[in-house]
Amino acid sequence: MQNIDLHNHSRVSDGVLTPSELVVLAADNSVAGVALTDHDDLAGLGEARQAAALQRIGFVAGVEISVTWDGKTLHVVGLGVDETNLALQQGLAQLRQGRHERALKMAGDLARAGVAGAWEGARSHAQHSAILTRTHFARFLVERGMARDVSSVFKRFLVKGKPGYVAHRWAGLAEALAWILGAGGVAVLAHPGRYAMNPREMERLLGEFSDLGGRGIEVSTANHSQEERERFAGLARYYGLLASRGADYHGPGESRCEPGRIPLLPMGLTPVWEDERLRDQLII
Ligand code: AMP
Ligand code: MN
Ligand code: MN
Ligand code: MN
């Protein structure tokens with residue numbers, strides 16, 4: 001099986017590397033095809049595509065869209081999207097506006113908890129003020145000495161019931177899928193093992209996701225244990241979903257797995273890159 005990695009971040013959102021640096025790292029790790037999937041933003045895709053052409057590896061234009069479903073935050077990855085599609089661009093612009101408002105509230109909440117200057121601090125770790133994520137706030141809190149590293153931050157801050165947490169409404173599931181499908185892309189449910197859902201809720205989500213035109217599910221991602229890979233492989237087969245594989249790489253020191261260094265897909269699944277909308281883009 002080819003080494004294809006369809007979930008990675010650059011500094012356009014909350015990654016550390018530039019889009020070209022990310023693609024070069026993927027190529028160094030013998031990745032045959034890579035997707036850039038920044039949160040709610042398409043701005044890195046042109047640079048990443050050029051870098052992939054120079055490295056002679058396949059490239060898939062992607063985006064990771066933040067969704068609110070049944071009161072929970074989910075991520076849906078759009079793969080093979082046309083980044084010039086207006087409805088997709090406008091939808092993502094709305095999400096970034098919401099992000100901006102949330103970031104101001106998060107900073108206000110941290111200030112009330114005694115941590116001043118969080119907006120400016122998070123901003124200093126971001127390429128652009130339009131995409132301030134919890135990761136940028138986490139990097140600022142590490143810099144302030146409030147936690148040892150980014151993942152430790154999420155135990156004491158920025159999560160429900162802790163300072164810096166702000167409930168937020170992202171895109172609807174139907175809306176996000178309409179943007180992706182309208183832009184010619186394939187919709188993939190990201191890291192399903194990360195959602196706090198019981199099996200019934202997960203089945204309801206997968207049913208709804210499929211009915212709305214969702215086509216794939218991440219089976220192999222840095223966030224999944226061996227058991228989770230097996231569980232979601234089973235659900236992929238049951239719901240007739242294609243299987244995806246992505247490191248969800250954010251940067252050196254912050255991510256467990258580099259691009260291409262996650263387990264291969266379990267046997268007996270159809271990889272999402274065999275979908276006709278992606279196949280052609282991965283032939284170099
Ligand atoms: P946001 O979309 O602004 O809520 O930020 C979500 C991002 O925060 C995710 O994409 C991850 O990169 C990061 N994140 C969330 N939870 C954790 C965690 N427990 N450890 C490390 N990073 C996390
Ligand atoms: Mn992230
Ligand atoms: Mn995600
Ligand atoms: Mn991600």
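Observations
- Among residues of segment 158-185 that are over 16 Å from L74 (Cβ atoms) and among the hydroxyl-bearing types (S, T, Y), those with a Cβ under 6 angstrom from a residue that is in a loop (DSSP other than H, G, I, E, B) and modelled with pLDDT of 95 or more, sequence gap 6+ or separate chain, pair up as Y165/L158; Y165/V159.
- The C-beta contact set for segment 82-102 (first residue under 15 Å from S13 (Cα atoms), second residue part of a helix (DSSP H, G or I), distance under 8 angstrom, 6+ apart or interchain) comprises L92/W179.
- Taken over segment 249-268, the residue count meeting the criterion of being in contact with a helix residue (DSSP H, G or I) (Cβ under 6 Å, 6 or more places away or on another chain) and either without any contact (Cβ under 8 Å) to a residue 60 or more places away in the chain or of a type in the set (D, E) (or both) is 2.
- In segment 134-159, the residues that are over 15 Å from V16 (Cα atoms) and among the aromatic types (F, W, Y): F154, F157
- G246 being within 16 Å of ligand 4 (Cβ to nearest atom), in the same structural domain as V34 (by TED's automatic domain parsing) and touching a residue at least 24 places away in the same chain (Cβ under 8 Å): yes
- Qualifying residue in segment 197-204 (condition: modelled with pLDDT of 95 or more, among the polar types (S, T, N, Q) and either closer than 27 Å to G108 by Cβ or buried (at least 17 other Cβ atoms within 10 Å of the Cβ) (or both)): no
- A single member of T68, T73, T84 is over 25 Å from Q2 (Cα atoms), assigned to a loop (DSSP other than H, G, I, E, B) and out of contact with any Asp or Glu (no Cβ under 9 Å at 6 or more places or on another chain), and it is T84.
- Residue under evaluation M106, criteria (1) in contact (Cβ under 8 Å) with a residue 60 or more places away in the chain; (2) within 16 Å of ligand 3 (Cβ to nearest atom); (3) open to solvent by less than 10 Å² (accessible area, probe 1.4 Å), criterion not met: (2)
- Residues (within 16 Å of ligand 4 (Cβ to nearest atom) and either small (G, A, S) or crowded, with 22+ Cβ neighbours inside 10 Å (or both)) located in segment 205-223: G216, I217, E218, V219, S220, T221, A222
- A single entry from D70, D28, D40 fulfils the requirement of being in contact (Cβ under 8 Å) with a residue 60 or more places away in the chain, of a type in the set (D, E), away from ligand 1 (no atom under 16 Å from the Cβ) and assigned by TED's automatic domain parsing to the domain that holds L278: D70.
- Of everything in segment 144-172 that is in contact with a Ser or Thr (Cβ under 7 Å, 6 or more places away or on another chain) and not in a loop (DSSP other than H, G, I, E, B), the residue that is farthest from L110 (Cα to Cα) is A171.
- The residue that is farthest from L132 (Cα to Cα), among those in segment 42-83 that are surrounded by fewer than 23 Cβ atoms within 10 Å (Cβ to Cβ) and charged (D, E, K, R), is R56.
- Residues of segment 1-30 satisfying the condition of being more than 14 Å from ligand 4 (Cβ to nearest atom), open to solvent by less than 10 Å² (accessible area, probe 1.4 Å) and over 12 Å from W273 (Cβ atoms): P19, V23, A26
- Close pairs (7 angstrom Cβ cut-off, 6 or more residues apart or separate chains): closer than 17 Å to H250 by Cα in segment 112-132, open to solvent by 70 Å² or more (accessible area, probe 1.4 Å) anywhere: Q127/R11; L132/R123
- Considering only residues in segment 115-138 that are more than 12 Å from D14 (Cβ to Cβ) and at pLDDT below 95, the one that is nearest to ligand 4 (Cβ to nearest atom) turns out to be A130.
The values are calculated or read from the model by the stated rules, or taken from the named source; none is laboratory data. Just so it is clear, the structure is predicted and the values come from calculations on it, not from any experiment. Every residue, glycine among them, receives a Cβ derived from its backbone with ideal geometry; neighbour counts consider all protein chains shown. The protein model used for the area step is the full one, side chains on, heavy atoms only, and it has no ligands, DNA or RNA in it. Shrake-Rupley method; radii C 1.70, N 1.55, O 1.52, S 1.80 Å.
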